[in-house]
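**Q** Before I ask anything, here is the structure I am working with.
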Amino acid sequence: MQREFLPLDGFRAITLAVNVPGPAAACRLRKLGAEITKVEPPDGDPLEAFCPAWYTALHEGIETIRLNLKDPEERSGLEGLLAESDLLLTSSRPAALERLGLGWPQLQQRHPHLSQVSIVGYPPPDENVPGHDLTYQADLGLIRPPQMPRTLLADLAGAERAVSAALGLLLARERGGEAGYAQVSLAEAASSFADPLRHGLTAPGGPLGGGLPGYALYETKRGWIAIAALEPHFLKRLERGLGLKAATRGELEEAFRTRDAQSWESWGAERDLPIAALPES
């Protein structure tokens, strides 16, 4: 059976990026067909220690080697890889890359065919300021203490932006342009994902923050459900099914307490309504 042609077949990328954004971006590029080689530091990627199962999933099909880039002899091994590659993905602070001779002006001079996507924390002039997903979300008001975030929003948003930047650079080069450089800020990526909150859409009491009775969370006889009857036809179908007219939040709260969450999910599926039972913690 002939293998499916993928958009990045024939392209080769080198990634030095560890933790979450880099591996997530590299995984997406690999699924698009790129051949990926990851160069890890001698101690490996911290993600492997924190979450080995996810690390393994993200690195499926990716060749991984370890080099001490502070050692000139081992760094020469990286130079050989870069000479045969189309893209370099990094997630170190620019100042650290420059000390290793891997800043963009230095790379461009040695490898004019090579494009680079640099994942950083904050945009210029703060690209060397330290940060992580938790601090980016905290800055944007996306955290309600004492609960920790349920996902790594900034890291994963940044990974998707890094993939988009890589595709743009490779496309420009294929169209006759020169190899290029793109910097992706995790803080900026998180900021764009915070726009619904910033504009009041998902703020407490906002239209999608509990202000609309048909788009909210409700406690049931056992467990909780999410109702997303946002469009008028869904809301009308929900009200008809419950025997209500212009249902208020209080009426819906009373109605949903009569059954458990799984029962309501099944009830919604029978009526083509967006109702989901929340997993029990």
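The values are calculated or read from the model by the stated rules, or taken from the named source; none is laboratory data. This is a predicted model, so every value here is computed, not measured. Counting neighbours? That spans all protein chains shown, and the Cβs are built from the backbone with ideal geometry, glycine included. Just so you know, the surface numbers come from the protein's heavy atoms only, side chains and all, with ligands and any DNA or RNA stripped out. Shrake-Rupley method; radii C 1.70, N 1.55, O 1.52, S 1.80 Å.
**Q** Just need a number here: residues in the range 120-130 that are surrounded by fewer than 18 Cβ atoms within 10 Å (Cβ to Cβ) and closer than 27 Å to Gly77 by Cα.
**A** So in the range 120-130, the residues surrounded by fewer than 18 Cβ atoms within 10 Å (Cβ to Cβ) come out as 123-130.
Now restrict to residues that are closer than 27 Å to Gly77 by Cα: 128.
Final tally of qualifying residues: 1.
**Q** Continuing with the same structure: Specify the residue that is surrounded by the most Cβ atoms within 10 Å (Cβ to Cβ); the eligible residues are those in the range 262-281 that are of a type in the set (A, V, I, L, M, F, W, C) and touching a Lys or Arg at 6+ places or on another chain (Cβ under 8 Å). Even if it seems obvious, please write down each step before you answer.
**A** Going through the range 262-281, the residues of a type in the set (A, V, I, L, M, F, W, C) turn out to be 264, 267, 269, 273, 275-278.
This time we only want the ones that are touching a Lys or Arg at 6+ places or on another chain (Cβ under 8 Å), so: 267, 273.
Values: Trp267: 15, Leu273: 19.
Residue satisfying both the conditions and the ranking: Leu273.
Residue by residue, here is whether (1) buried (at least 21 other Cβ atoms within 10 Å of the Cβ); (2) hydroxyl-bearing (Ser, Thr, Tyr) holds:
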site: Glu98; (1), (2): no, no
site: Gly101; (1), (2): no, no
site: His111; (1), (2): no, no
site: Ser118; (1), (2): yes, yes
site: Tyr136; (1), (2): yes, yes
site: Leu153; (1), (2): no, no
site: Ser164; (1), (2): no, yes
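**Q** A further question on this structure: Counting only residues that are over 22 Å from Ala179 (Cβ atoms) and among the basic types (Lys, Arg), give me the helices (runs of 4 or more DSSP H) lying completely in the range 1-91 with at least 1 of them.
**A** 21-31
**Q** Oh, and also: When the range 180-195 is examined, which residues are found to be assigned to a loop (DSSP other than H, G, I, E, B) and open to solvent by 10 Å² or more (accessible area, probe 1.4 Å)?
**A** The answer is Gly180, and nothing else.
**Q** Check the range 206-216 and report whether any residue there is in a strand (DSSP E or B) and more than 21 Å from Gln137 (Cβ to Cβ).
**A** Yes, that holds for at least one residue.
**Q** Given the conditions (1) over 24 Å from Ala203 (Cα atoms); (2) open to solvent by 70 Å² or more (accessible area, probe 1.4 Å); (3) part of a loop (DSSP other than H, G, I, E, B); (4) not charged (D, E, K, R), and given that Ala246 satisfies all but one, which numbered condition is not satisfied?
**A** With (1) over 24 Å from Ala203 (Cα atoms); (2) open to solvent by 70 Å² or more (accessible area, probe 1.4 Å); (3) part of a loop (DSSP other than H, G, I, E, B); (4) not charged (D, E, K, R) applied to Ala246, the lone miss is (1).
**Q** If the Cβ limit is 9 Å and pairs must be 6+ apart or interchain, which residue in the range 132-147 that is on the phi > 0 side of the Ramachandran plot pairs with which residue that is assigned to a helix (DSSP H, G or I) and surrounded by 11 or more Cβ atoms within 10 Å (Cβ to Cβ)?
**A** Between residues of the range 132-147 that are on the phi > 0 side of the Ramachandran plot and residues that are assigned to a helix (DSSP H, G or I) and surrounded by 11 or more Cβ atoms within 10 Å (Cβ to Cβ), the close pairs are Gly141/Leu197; Gly141/Arg198.
**Q** Here is a list: Glu253, Glu188, Glu280, Glu265. Which entry is in contact (Cβ under 8 Å) with a residue 60 or more places away in the chain and of a type in the set (D, E, K, R)?
**A** Numbers: Glu253 fails: in contact (Cβ under 8 Å) with a residue 60 or more places away in the chain; Glu280 fails: in contact (Cβ under 8 Å) with a residue 60 or more places away in the chain; Glu265 fails: in contact (Cβ under 8 Å) with a residue 60 or more places away in the chain.
Of the residues listed, the single one that is in contact (Cβ under 8 Å) with a residue 60 or more places away in the chain and of a type in the set (D, E, K, R) is Glu188.
**Q** Quick check: anything in the range 236-246 farther than 30 Å from Leu152 by Cα and modelled with pLDDT under 95? Step through it out loud before you land on a result.
**A** Restricting attention to the range 236-246, the residues satisfying the condition of being farther than 30 Å from Leu152 by Cα are 236-246.
Okay, now just the ones that are also modelled with pLDDT under 95, so 245-246.
Yes, the range 236-246 contains at least one residue that is farther than 30 Å from Leu152 by Cα and modelled with pLDDT under 95.
**Q** Taking the range 168-179 as the search range and keeping residues that are open to solvent by 70 Å² or more (accessible area, probe 1.4 Å) and assigned to a helix (DSSP H, G or I), which one is modelled with the lowest pLDDT?
**A** Selected residue: Glu174.
**Q** Can you give me the number of residues within the range 19-38 that are open to solvent by 30 Å² or more (accessible area, probe 1.4 Å) and either closer than 18 Å to Arg93 by Cα or in contact with a His (Cβ under 7 Å, 6 or more places away or on another chain) (or both)? Before the answer, list the steps.
**A** The first filter runs over the range 19-38 and keeps only residues open to solvent by 30 Å² or more (accessible area, probe 1.4 Å), leaving 19, 28, 30-32, 35.
In the following step, the residues that additionally are either closer than 18 Å to Arg93 by Cα or in contact with a His (Cβ under 7 Å, 6 or more places away or on another chain) (or both) were identified as 19.
Selection size over the range 19-38: 1.
**Q** Scan Gly131, Gly158 and give me the residue that is under 30 Å from Pro204 (Cα atoms), of a type in the set (Gly, Ala, Ser) and part of a loop (DSSP other than H, G, I, E, B). Step through it out loud before you land on a result.
**A** Numbers: Gly158 fails: part of a loop (DSSP other than H, G, I, E, B).
Testing whether each residue is under 30 Å from Pro204 (Cα atoms), of a type in the set (Gly, Ala, Ser) and part of a loop (DSSP other than H, G, I, E, B) leaves just Gly131.
**Q** Mind counting the residues in the range 148-180 that are out of contact with any Pro (no Cβ under 9 Å at 6 or more places or on another chain) and in contact (Cβ under 8 Å) with a residue 40 or more places away in the chain?
**A** 9
**Q** Could I ask something else about it? Out of all the residues in the range 113-137, which are modelled with pLDDT under 95, out of contact with any Pro (no Cβ under 8 Å at 6 or more places or on another chain) and more than 11 Å from Ala187 (Cβ to Cβ)?
**A** Pro124, Pro125, Pro130
**Q** While we're looking at this one, here's another question. Kindly check whether there is at least one residue in the range 78-95 that is touching a Phe, Trp or Tyr at 6+ places or on another chain (Cβ under 8 Å) and crowded, with 18+ Cβ neighbours inside 10 Å.
**A** The answer is yes, given that some residue of the range 78-95 is touching a Phe, Trp or Tyr at 6+ places or on another chain (Cβ under 8 Å) and crowded, with 18+ Cβ neighbours inside 10 Å.
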